[in-house]
1. Provide the net charge surrounding B:Ala123, with neighbours chosen by a C-beta distance below 9 Å and charges set as Lys +1, Arg +1, Asp -1, Glu -1.
2. May I ask you to report, in nm to one decimal and beginning with the shortest, the distances from A:Ala115 to the same position in the other copies, taking label points 7 Å along Cα-to-Cβ?
3. If each label sits 7 angstrom from Cα along the C-beta direction, how far apart, in nm, is A:Gly79 from its counterparts in the other copies?
4. Starting from the Cα of B:Lys27, draw a straight line to each of the aspartates and glutamates and keep only those under 15 Å, dropping any in the same chain fewer than 8 residues away.
5. Counting only helical runs of four or more DSSP H residues, what would the 222 nm mean residue ellipticity of chain A come to if each run contributes -39,500 (n - 2.57) and the total is spread over all its residues?
6. Lys and Arg at +1, Asp and Glu at -1: add these up for the other residues within a Cβ distance under 9 Å of B:Leu105 and post the number.
7. Between the label point of B:Lys91 and that of the same position in each other copy, find the distances and list them shortest first in nm, with every label point placed 7 Å from Cα along the Cα-to-C-beta direction.
8. Using a probe radius of 1.4 Å on protein heavy atoms only, what is the accessible area buried between chains B and A, both sides summed, to the nearest 100 Å²?
Protein chains: 2
Amino acid sequence: MHETPIARRIAFIVEIDKLKGVLRKNKPVTLERYENAAEHSWQVALLALTLAPHAPVALDIERVIRLLLVHDIGEIDSGDTLFYAASAEDKAEEAEGARRIFSLLPPAQAAEMFALWEEFEAAQSAEARFARAMDRLMPILLNLNREGQSWRENGVRADDVRSRAASQVDAGCPDAGRWLADALENAEARGYFAR
Amino acid sequence: MHETPIARRIAFIVEIDKLKGVLRKNKPVTLERYENAAEHSWQVALLALTLAPHAPVALDIERVIRLLLVHDIGEIDSGDTLFYAASAEDKAEEAEGARRIFSLLPPAQAAEMFALWEEFEAAQSAEARFARAMDRLMPILLNLNREGQSWRENGVRADDVRSRAASQVDAGCPDAGRWLADALENAEARGYFAR
């Protein structure tokens, strides 16, 4: 049953169902549970589509969306790591996971999908930089609407967010970076960060 | 803070976070909880991208993905209804919800996004028909991998799936329809349906 191209494609879709069980550090704004990497992938793809008018250069927004739809698939094998604490080992494990999972697809399509995953990680193309800005911005938006829940739970300070996450938002989407600078100042005044 | 275009866009993304709390009738393959409409929206968008080589006519797969990213947003206000039991009232409430939520965006973008939502519902364009085939196929794939969990819980018989869901899969993506006919026969032999 897993031999024809369509059967391989369906086996892939069933395998990636596991991303719904990969928990992240943020909670949704109105729910008392942690979010998972599958629902995050949906939200960040839609964030990119919504903020497309603020892309700093002409870019292929459709490829940005593809990058974001697949960017966390390797976490099925490695789990999610707090962005501020990710190691080279975590990334290597995630890459191995991505390779294993995309290999369920027919070979040419597996290579295409893995190339999207690698492009996101390499952060070189305009599309990858915009996609990464969205991926940095999304958990910050949740924190801004939950009194800094994951920042306080994980000892993340305002300076960490500014120097490591907001800087990437700014690099990929300066309009969002400007909006965010004000929002972070406000959040700091309200005590949303670890000290 | 909600006045500039970017602030409106961000308010929209925060509002749609609620889709993570809209529960559907299926459970993920490996988890003991119901899936939500946000993670479903991710999975079905990726299903469309993965099955794009099986699209029956030349179509804009990027628009298919957009349709699927927004297709359930109205359910934030209406909740999810079992496909086999949806009424005209449910649909009207969902349309009102979509209108309310997209209106958080700057007007031109709100109109664009609502047009995507309406295109999916109208089921007229090749893109909408393919998107709807994916939306019908996805819960069936989960059921095939969970011994018919949502079918048995909701009294759905093999004939209901064939005449109402599989027929739409077949109409939008004949390759998937053929694969599915065999899979449903197998599932029936195993007793995955309500009787």
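1. Around B:Ala123, the surrounding residues sum to 0.
2. Those separations, rounded to one decimal, come out as 3.1 nm.
3. 3.6
4. A:Glu15, A:Asp17, A:Glu39, B:Glu35, B:Glu39, B:Asp80, B:Glu147, B:Glu153
5. For chain A, the value works out to -18500 deg cm²/dmol.
6. +1
7. Those label-point separations list as 5.0 nm.
8. 4600
The values are calculated or read from the model by the stated rules, or taken from the named source; none is laboratory data. The structure presented is a predicted model; accordingly, all values stated were derived computationally and were not measured. Quick reminder, even Gly has a Cβ in these numbers, built from the backbone with ideal geometry, and neighbours come from all protein chains shown. Please note that ligands, DNA and RNA were not included when accessible areas were found on the heavy atoms of the full protein model with its side chains. Shrake-Rupley method; radii C 1.70, N 1.55, O 1.52, S 1.80 Å.
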